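Laboratory data are not the source of any read-out in this text; all were calculated from the coordinates shown. If you're wondering where the values come from, they're calculated on a predicted model, not measured in any experiment. Here Cβ is always computed from backbone atoms with ideal geometry, including for glycine, and neighbour counts include all displayed protein chains.
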Amino acid sequence: MQTNSVPPVLGQPPPVRKKRRWWLYVLLGVGCLVVLGIAVVVLIAGYFNSVVNNYTEAQPKTLAKVDASPAAQEQLKARWVYFQQSVTAGRNTRPFKLSADDLNVFLANNPQLKDRVRFRIEGNRLLADFTMPLDQTRQPKLQGRHLNGLATLNLKFADGFLTLSVAELEANDKPVSRSLLGRALLGKLQQENLLKFLDNNREVMDFLQRIDTVEISEGFVVLTPMEGR
């Protein structure tokens, strides 16, 4: 969000810009996922009228409730800050585990996504349930409709680079790849790294260079530092 800049008072230093915690950038990647999902439906709807009934619904999808109380958020934030600072300082640190509930608590910090996306972890699969009103689109046939779906996400970490992509996408309990155009669009999503903007953030890259592995194991996203193995 942009704000009007005000010249600093003469003799006073300019205000210090507050750093955004890098994990918030990961949530922006989830936002990209939702936007891309909307784009898929809008583009398909532009070609096939039947897609509106097949892939969108009149009511939003009911998402699981999350305990995102201030106390829960502060506790999780404190755990994460301690881990991040310990890794950055080079101290021997145990792996950091994030459950799906933890991810959803983090998501509660984003007002645009907290009521739109819910993470689930099943075995070694990271899933995202999502619901999005389509009134914001310019397609008349999509007014009053909702995009309710499920995305299977592919999380990879190699050589200090973290990537998140869409492996599979469903809308209204139907695979988007069922149509020819849907397969083409899904193919593009599968090649898109939703976290590619992290590569330009020095704070993130310095931190990730100290991480050995990021993997999904036994219901958790696990970050293991170099010293933690």
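Restricting to the stretch 178-195, name every residue that is buried (at least 17 other Cβ atoms within 10 Å of the Cβ) and part of a helix (DSSP H, G or I).
Of everything in the stretch 178-195, those that are buried (at least 17 other Cβ atoms within 10 Å of the Cβ) and part of a helix (DSSP H, G or I) turn out to be Gly182, Leu185, Leu186, Leu189.
Condition first: surrounded by fewer than 14 Cβ atoms within 10 Å (Cβ to Cβ) and more than 15 Å from Asn193 (Cβ to Cβ). Now tell me which residues in the stretch 124-164 satisfy that.
Those that are surrounded by fewer than 14 Cβ atoms within 10 Å (Cβ to Cβ) and more than 15 Å from Asn193 (Cβ to Cβ): Asn124, Asp135, Gln136, Arg138, Pro140, Gln143, Gly144.
Check Thr93, Thr88 and return the single one that is assigned to a helix (DSSP H, G or I) and either in contact (Cβ under 8 Å) with a residue 24 or more places away in the chain or among the acidic types (Asp, Glu) (or both).
Within the list Thr93, Thr88, the selection yields Thr88.
Run down Ala100, Ala71, Ala58 and say which single residue is buried (at least 19 other Cβ atoms within 10 Å of the Cβ) and either in contact (Cβ under 8 Å) with a residue 24 or more places away in the chain or not charged (D, E, K, R) (or both).
Criteria check complete, one pass: Ala100.
Just one of the numbered conditions (1) farther than 17 Å from Gly149 by Cβ; (2) in contact with a Leu (Cβ under 8 Å, 6 or more places away or on another chain); (3) in a loop (DSSP other than H, G, I, E, B) is not true of Asp102; which one?
So the condition that Asp102 fails would be (3).
Applying the selection to the stretch 114-168, what residues are among the small types (Gly, Ala, Ser) and either part of a strand (DSSP E or B) or within 12 Å of the chain's Cα centre (by Cα) (or both)?
Matches in the stretch 114-168: Ala128, Gly149, Ala151, Ala158, Ser165, Ala167.
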